[in-house]
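The numbers here are math on the coordinates, done by the rules we state, and not lab data. Computed from a predicted model, the values in this text were never measured in an experiment. No Cβ is skipped: glycine too gets one built from the backbone with ideal geometry, and neighbour counts run over all protein chains shown.
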Ligand SMILES: Nc1ncnc2c1ncn2[C@@H]1O[C@H](COP(=O)(O)OP(=O)(O)OP(=O)(O)O)[C@@H](O)[C@H]1O
Ligand SMILES: [Mg+2]
């Protein structure tokens, strides 16, 4: 068998065997009735004990959504989604809101442990008051974690330590109660309710997600991280994340996501809004590992996500880094609107599609302020019958004098049944701006594989090594600890048994 | 050690090896010379198990086991090393990571403990020093942007780290300056031991001044047409392959 065919086989046998996060947690759940109507929206709002303004905001979003059509321009194919045949609220039953990890259902904690989530602070939280001041692992950068299980946030760690710095890191539903003025001031200002079909749906029914507020001049002393887990059947997950970085502040945030293996498709339609004020920096990293479906394309998550950042302040900077290995379909364009003069937007992406996975992903960089700069590095890897599309927009407004963009899109093909497509849109309306675009498409060459195997590497290790090399520019943007995780993940999403 | 009998092989339907008989006893170093296109690299690929080289007849045993039935990585684990005529570039893959991954793969297959990054670095530094190779080589992407000579040195470094039982060097001396030539020779000579054999493919007698072979074979048109001692290489350098052709 030629090397390439063997590699396809290798790669094709992957998903059934190696999606290690496909287990289900047996836990008592509370559901809203199936379907979507105003009553459900009211139900969710009531469950969350929300103020009237937020209910009104949701109802307005719902009214807009009802009039909208699902977008069809992306290069992805899937049967029509019946929005009435899903649950929009599912939550682990909990009598009182947990004050510490101690009070959280142990079954949930076991789930997170299985997922390899560093909830190591358990001991600290369970122990003496004030023990949270010492990081759990000596010498290691602590990571504050917010864990979202289906529709609700179940635990947030390191809260007290962060509060000392004036940092707010909590579930958005909690922020609505504790800091309503901040939520009200910023919610929907980056991604308005009517922005697009999925954003409107999210605005109507979002259940939880993270809220982060970094006060003026504060450098967040640890990584903030949220783990999203879809567990319940026939349930959509609609989380909403809002991050505000005040003047001169810095924060690095990471999200990870997994789901059980199911034959049905499940919808995940998140909205993420970032606001960076003068001299603020937000680094937002994603390791997306939703269940991708089996080799024949049964099951898997539809990941239809709207992520956008406003670089409102001068010299503000937002950097998106994403490693997308999961989901049956990925529809995602983390974007930056560069409003402040000298603001900077970055997008570093690795997207793998294997078997029948489809990804249509990229970014939008909208240059408005003077001397704004953006960098786009996209690495697409297609294997099996995977389809991978980079779709990007670079728009330079007449006001953005001396703006600069550099875009590099590289595609790597493994086998001959997959596809890679690059769709860059460039709209430059400023004479002094400079926009550059480079694109390459390559294959893993037979001689590269043979060279590695001659040195003793198995074929799958060789593929993993070469793919990791191909993605290096992006992986090095991830926070250290997660870079290692991501490398392993890349390897796993392409591995299988050889021969 | 290595025993090749009646080996025939084709590439893309074209017969290249037309019946090779060759035996390299343990502890010996044999040189293979021959005109361009005679099948020297093809032989090295067939021995190391490259795809696309179809074996149509004959057998190869390596310390008594059927080499041709093994996957390339199994052959590597068993101690076969090929220094490529044209070393391959692996963009974005750090040379240190690559070497450590390769070393650990081979160690694992041999039941030896794997080395962590620090342990590896220590071993690698020793070898670099012995071969007078700059440590910078570890930091760069595998063969990316390496000069021709640097690529060959990197092959020798890998050979030194993997400590093979059978090393096939395919024109590792081509394009090297005198100092680098000595590095290659030192690399091979350092491995000389009763359990080590080598097949040195070369066009030039000068390498054989440093690595003195036990035997020299002439490969022409897919066959070994003449075998002799080190003096055969000198004779070829003077009179070319025409004399061999006439004799064969
Ligand atoms: N993949 C291939 N497809 C077609 N022909 C091939 C292929 N590989 C080798 N050949 C042919 O096989 C013959 C032997 O090639 P080989 O590379 O083994 O020669 P060599 O003895 O190593 O030559 P050199 O001294 O130039 O390195 C040549 O005629 C070459 O063109
Ligand atoms: Mg050759």
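A few remarks follow.
- Rounded to two decimals, the Cα-based Rg/Rh of the range B:1-146, with Kirkwood Rh, is 1.01.
- Cβ-derived FRET efficiency at R0 51 Å, residue A:445 paired with residue A:67, nearest 0.05: 0.50
- Between residue B:119 and residue A:59, the modelled labels are 6.8 nm apart [label points 7 Å from Cα along Cα→Cβ].
- Rounded to whole Å, sorted largest first: equivalent-ellipsoid semi-axes of the range B:116-171, Cα gyration tensor: 18, 16, 10
- 18 Å cut-off, amide nitrogen to a point 7 angstrom out along residue A:416 Cα→Cβ, residues in the range B:40-72: B:51-53
- Springs join every pair of Cα atoms under 10 Å in this Gaussian network model of chain B, and among B:133, B:29, B:201 the largest mean-square fluctuation is at B:133.
- Taken over the alpha carbons of the range A:367-474 as equal point scatterers, the Debye sum produces base-10 log I(q)/I(0) values at 0.12, 0.15, 0.23 Å⁻¹ of -0.53, -0.70, -1.14.
- P(r) of the range A:356-428 over all Cα-Cα pairs, binned every 5 Å from zero, in whole percent: 4, 17, 24, 17, 13, 10, 7, 5, 3, 0
- Between 0 and 90 degrees, the angle of helix B:230-239 with respect to the longest Cα principal axis of chain B falls at about 70 degrees.
- Counts of other chain beta carbons within 10 angstrom of each beta carbon in peptide A:465-472 average 5.
- By the count of neighbouring beta-carbon atoms within 10 Å, fewest first, B:203, A:268 end up ordered B:203, A:268.
- Take each residue of peptide B:85-93, count the partner chain Cβ atoms within 10 Å of its Cβ, and average: the result is 6.
- Contact order, relative form, for the range B:1-59: 45 percent (alpha carbon pairs under 8 Å, 6 or more residues apart, mean separation divided by residue count).
- Kirkwood-type radius of the range B:31-72, with distances r between different C-alpha atoms, in Å: 11.4
- With the helix formula -39500 (n - 2.57) applied to DSSP H stretches of n ≥ 4, chain B reaches a computed 222 nm mean residue ellipticity of -12000 deg cm²/dmol.
- In plain terms, the C-alpha convex hull of chain B casts an average shadow of 13.0 nm² when viewed from every direction.
- GNM top mover of B:220, B:137, B:118 - chain B, alpha-carbon springs below 10 Å: B:118
- Cα-based Kirkwood hydrodynamic radius, the range B:1-43, one decimal, Å: 11.6
- Of the peptides B:79-85, B:100-106, B:21-27, the ranking by mean beta-carbon count within 10 Å, highest at the top, reads B:79-85, B:100-106, B:21-27.
- Structural descriptor for the range A:366-492: relative contact order 24 percent, calculated from alpha carbon pairs under 8 angstrom and at least 6 residues apart.
- Against the main long axis of the alpha-carbon atoms of chain B, helix B:178-191 sits at an angle near 90°.
- Cα pair distances in the range A:440-489, grouped into 5 Å bins until the bin that holds the longest one, percent each: 5, 20, 26, 18, 18, 11, 2
- Of the peptides B:158-170, B:205-217, A:60-72, A:299-311, the ranking by mean beta-carbon count within 10 Å, highest at the top, reads A:299-311, B:158-170, B:205-217, A:60-72.
- Relative exposure of A:324, B:5, A:296, A:174, judged by other C-beta atoms within 10 Å (fewest first): A:296, B:5, A:174, A:324
- Rounded to the nearest 10 degrees, the angle from helix B:95-109 to the longest Cα principal axis of chain B is 70 degrees.
- Dmax and Rg, reported as Rg then Dmax, of the range A:284-338 (C-alpha, Å): 14.4, 49
- Rh by Kirkwood over Cα pairs, then Stokes-Einstein D for the range A:393-440 at 0.890 mPa s and 25 °C, µm²/s: 198
- Per residue of B:71-77, other chain Cβ atoms within 10 Å of the residue Cβ number 6 on average.
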